[in-house]
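J.: Following this message is one structure expressed as structure tokens.
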Amino acid sequence: MCGQLALRVRRRTRESDNQDVIASPRAGLKQSPSPFRSKVRHHRDLGLTLIESLVATVILAMVAAGAAMALSTGLGAQRDANLQLLAGIAAEQQVSTIMTAPYASSSTFAGIEAVGGMLSPPRVTAALIEVRDPLGPAFSAFGRTTVVTAVTRTFPQYQNFAQPGWRIQVTVTNAQGRVYAALERFRAQELQP
């Protein structure tokens, strides 16, 4: 077939299911000389090759790894948000306790509570004794530092009116020292009539 256009076409015959046939513009249809070649091509057309399967498996593994990574990141963010919420509750609880206690006893709440040793607000027992119980196990990963400082605030917009009081600072940290919540409030000294 020197220099002539040759096309491969498939044709069905009664003798076999698939046979390769060479079509030439000048010659009639001729049967391919190799029957083995048509069987190999027939088997290849029926299923996936090993390389195709390997490529599909690698693509599937990459998609699964990406989904697992996104899930892991989401769970970590949810856990961190839950810890920040608990720390905020512990800090706000301490500030509320100091704000509702008698003004003169506000400074008695200052101090450091070790990790796992935070105390709940005082409660009065049947014997009329104030008791502070440990916070529940949900707060066991935190410690709390409370600083109560006497300050005087001046308000220039009210003709430099000065108001004495307590600056209350509460910081909640974990065992590694990471700050999860920090609150600061000012409690004005009550005026005596």
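J.: Tell me whether the stretch 49-58 contains one or more residues that are hydroxyl-bearing (Ser, Thr, Tyr) and either closer than 27 Å to Thr171 by Cα or modelled with pLDDT under 90 (or both). Show your work before the answer.
T.: In the first step, residues of the stretch 49-58 are kept if they are hydroxyl-bearing (Ser, Thr, Tyr); the result is 49, 53, 57.
Subsequent filtering for residues that are either closer than 27 Å to Thr171 by Cα or modelled with pLDDT under 90 (or both) retains 49, 53.
Looking through the stretch 49-58, at least one residue is hydroxyl-bearing (Ser, Thr, Tyr) and either closer than 27 Å to Thr171 by Cα or modelled with pLDDT under 90 (or both).
J.: Answer with yes or no whether Gln189 is out of contact with any Asp or Glu (no Cβ under 8 Å at 6 or more places or on another chain) and without any contact (Cβ under 8 Å) to a residue 24 or more places away in the chain.
T.: no
J.: Looking only at the stretch 65-108, count how many residues are over 14 Å from Val172 (Cβ atoms) and in contact (Cβ under 8 Å) with a residue 40 or more places away in the chain.
T.: Final tally of qualifying residues: 5.
J.: Could you look through the stretch 158-185, keep only residues that are in contact with a Phe, Trp or Tyr (Cβ under 9 Å, 6 or more places away or on another chain) and of a type in the set (D, E, K, R), and pick out the one that is nearest to Pro121 (Cα to Cα)?
T.: Arg185
J.: Conditions: (1) under 26 Å from Gly116 (Cβ atoms); (2) in contact with a Phe, Trp or Tyr (Cβ under 9 Å, 6 or more places away or on another chain). Phe155 meets all but one. Number of the miss?
T.: Result: Phe155 fails condition (1) only.
The values are calculated or read from the model by the stated rules, or taken from the named source; none is laboratory data. Small disclaimer: the values here were computed from a predicted structure and weren't measured. A quick note on method: Cβ atoms are made from the backbone with ideal geometry, for glycine too, and the neighbour counts reach across all protein chains shown.
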